[in-house]
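One structure is given below, encoded as structure tokens.
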Amino acid sequence: MTQDQNQIAPARSRSEQAIRIIIREHQGLWRIIDLLDQLEQDMNINASQPDELLFSTIFDYIEHFSNRVHSQPTEIRLYKLLREKAPETAPLLDKLEKGYVVGHQKLLELRQLLRECMVNWPNGREAFGHALSRFSVALRKHIKKEEGVVIPRAREVLAPEDWDQIISARDQQDDPLFGDRVREEFRELRHRIISLTPERLGGLGLAHTGRVTAHHQGQEMLSIKGLVTSYGQIEVLHEVDISIKTGEIVSLVGANGAGKSTLLMTISGLQPTDKGQMLFEGEDLAKIPADKRVARGIVQVPEGRQVFKDLSVHDNLLLGAYTRGKTPEVMEDLEKIYGKFPILRQKRHNLAGELSGGQQQMLAMGRALMARPRLLLLDEPSMGLAPLIVEEIFQTIRELKDEGITVFLVEQNASQALALADRGYVLETGEVVLSGTGKELLSNEKVREAYLGM
Ligand SMILES: Nc1ncnc2c1ncn2[C@@H]1O[C@H](COP(=O)(O)OP(=O)(O)OP(=O)(O)O)[C@@H](O)[C@H]1O
Ligand SMILES: [Mg+2]
């Protein structure tokens, strides 16, 4: 976003833009804390000696966060402005600022305990493990306070000029909060952590619990070979080869108009195939009409959500199970969906059109789940949603995998989609140009340049 665009942006969106930046930084930290917890569990369960380099890189990251982002507490723009505009927040801000100082000491202690743990293995394990979990609990509390109290209050009291100050700081190279160099250092640390994190833990933010649910896991579920699809005379997909194994999350990334949605519609049968073959669990999809594909377990959540806006949330969900009738089982599934998305239960009598974008996405996913998918096709579920909601959607996708659902995820949000994926494909103007594990693609130069903006 350029300076000019900032200046003409309406007041509301200026504050939202600044908050988005802050929250995005927080998200990185949330994932790091999750990873710390996983590593701690891993250390306890497998009694495996910690990876010293990985842990110290994580500590570097957290230190970097608290040094760079909050090294000069009185100068943090947000805090400073908030102290001026909402003096009643002062005690909380004091406490949070003190938290940074204490956190700094705790990190030093952690580094010391890590060294002892390495030298004194396994004797030092318990002390290090305890200190780690206390640290992560405190850090979580701290961020929750910022996200739950500081930011909402800032949203209420800060004026557009205040937000301008915060945003323009972002464009200054050396700003301690948003400077380019700071961001670069973060990115670098993050990548180092991703590459050091063991595969079974899936790297940053992946929370692959390693639970193998489907016993068929690893068998080919969908095999696409030489697929050609056209709109009239215009060929859109050119001999696409893609394979999805049971239990995987496979992500497909690609620019606007690459043909991602067309591919999903071809798989679900809404778009005819010109050439090539698609086998679903060994069966030729050409012989299975679209409506029967749903019954086989191939269920698509279309782009742009497309819920029935004039129907209630409840009825939208029931429609997802139309192939199954209104059996006791269906009602049970409905309860499960409400359990997964409590907001949908709360709004079950509302019209779908009254829901926010994020809620509509949850509804669209819930509706698809009512069809008991085995292969779930998701078309840009994060599109147009606020970062925190995006996190929630991605978290849900992770859970679906854990429940044994195979996921084919189309996304323009390439970094998150690939971080989540077991494997991924890159589609460019109707051709698969790259494929590999999510990790390989994330570290691929070409992908980083074209899709991750690095
Ligand atoms: N119904 C249609 N009739 C004719 N051309 C179409 C139709 N739908 C899509 N196209 C064209 O097919 C190409 C691929 O479109 P598609 O929607 O599959 O891309 P996409 O990768 O999903 O893009 P986006 O990121 O914008 O969703 C584009 O050039 C698009 O203009
Ligand atoms: Mg699309």
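The values are calculated or read from the model by the stated rules, or taken from the named source; none is laboratory data. Model, not experiment: these values are computed from the prediction. Cβ atoms come from the backbone with ideal geometry, glycine included; neighbour counts cover every protein chain shown. Keep in mind that these areas ignore ligands, DNA and RNA; they rest on the heavy atoms of the full protein, side chains included. Shrake-Rupley method; radii C 1.70, N 1.55, O 1.52, S 1.80 Å.
Here is how the numbers come out for the structure above:
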read-out: Residues (among the acidic types (Asp, Glu) and open to solvent by less than 50 Å² (accessible area, probe 1.4 Å)) located in region 40-57; value: GLU40, ASP42
read-out: All positions within region 258-305 that are over 28 Å from the mean Cα position of the chain (by Cα) and hydroxyl-bearing (Ser, Thr, Tyr); value: THR273
read-out: Yes/no for MET331 being open to solvent by 10 Å² or more (accessible area, probe 1.4 Å), within 16 Å of VAL390 (Cβ to Cβ) and free of Cβ contacts under 8 Å to residues at least 60 places away in the same chain; value: no
read-out: Number of the condition not met by LEU363 [criteria: (1) within 16 Å of ligand 1 (Cβ to nearest atom); (2) outside the structural domain of VAL253 (by TED's automatic domain parsing); (3) not hydroxyl-bearing (Ser, Thr, Tyr)]; value: (1)
read-out: Residue in region 297-307 that is more than 15 Å from ligand 1 (Cβ to nearest atom), farther than 27 Å from GLN395 by Cβ and out of contact with any strand residue (DSSP E or B) (no Cβ under 9 Å at 6 or more places or on another chain) present; value: no
read-out: Candidate set: region 244-260, residues that are at negative phi and open to solvent by 30 Å² or more (accessible area, probe 1.4 Å); chosen: the one farthest from ligand 2 (Cβ to nearest atom); value: LYS245
read-out: 3 or more residues under 16 Å from LYS245 (Cα atoms) and away from ligand 2 (no atom under 16 Å from the Cβ): qualifying helices (runs of 4 or more DSSP H) within region 376-454; value: 387-402
read-out: Qualifying helices (runs of 4 or more DSSP H) (wholly inside region 27-138; at least 3 residues being under 25 Å from GLU156 (Cα atoms)); value: 77-85, 90-119
read-out: Conditions (1) in a strand (DSSP E or B); (2) within 9 Å of ligand 1 (Cβ to nearest atom); number of the one not met by GLN277; value: (2)
read-out: Among the residues listed as ASP284, ASP274, ASP241, ASP291, the single one being out of contact with any strand residue (DSSP E or B) (no Cβ under 9 Å at 6 or more places or on another chain), away from ligand 2 (no atom under 16 Å from the Cβ) and either open to solvent by 50 Å² or more (accessible area, probe 1.4 Å) or not β-branched (Val, Ile, Thr) (or both); value: ASP291
read-out: Candidate set: region 408-430, residues that are of a type in the set (S, T, N, Q) and over 21 Å from LEU35 (Cβ atoms); chosen: the one most open to solvent (accessible area, probe 1.4 Å); value: THR429
read-out: Of all residues making up region 225-235, the number that are within 15 Å of ligand 1 (Cβ to nearest atom) and either of a type in the set (Ser, Thr, Tyr) or open to solvent by less than 30 Å² (accessible area, probe 1.4 Å) (or both); value: 5
read-out: Hits in region 237-263 (condition: within 8 Å of ligand 1 (Cβ to nearest atom) and within 14 Å of LEU285 (Cβ to Cβ)); value: LEU263
read-out: Which listed residue, of GLY357, GLY384, is of a type in the set (Gly, Ala, Ser) and more than 15 Å from the chain's Cα centre (by Cα); value: GLY357
read-out: Filtered residues of region 337-367 (kept if open to solvent by less than 50 Å² (accessible area, probe 1.4 Å), under 14 Å from LEU385 (Cα atoms) and in a loop (DSSP other than H, G, I, E, B)); value: LEU355
read-out: Conditions (1) touching a Leu at 6+ places or on another chain (Cβ under 7 Å); (2) closer than 24 Å to GLY353 by Cα: number failed by VAL330; value: (1)
read-out: All positions within region 306-319 that are open to solvent by less than 30 Å² (accessible area, probe 1.4 Å) and part of a loop (DSSP other than H, G, I, E, B); value: VAL307
read-out: Any pair with Cβ under 7 angstrom, 6 or more apart, that starts in region 108-119 at a residue that is under 14 Å from ARG134 (Cβ atoms) and ends at one that is modelled with pLDDT of 90 or more and open to solvent by 40 Å² or more (accessible area, probe 1.4 Å); value: LEU113/ALA127
read-out: Residue list for region 216-233, restricted to those being more than 16 Å from ligand 2 (Cβ to nearest atom) and among the β-branched types (Val, Ile, Thr); value: ILE224, VAL228
read-out: Considering residues of region 376-392 that are closer than 21 Å to LEU452 by Cα and modelled with pLDDT of 90 or more only, the residue surrounded by the most Cβ atoms within 10 Å (Cβ to Cβ); value: LEU378
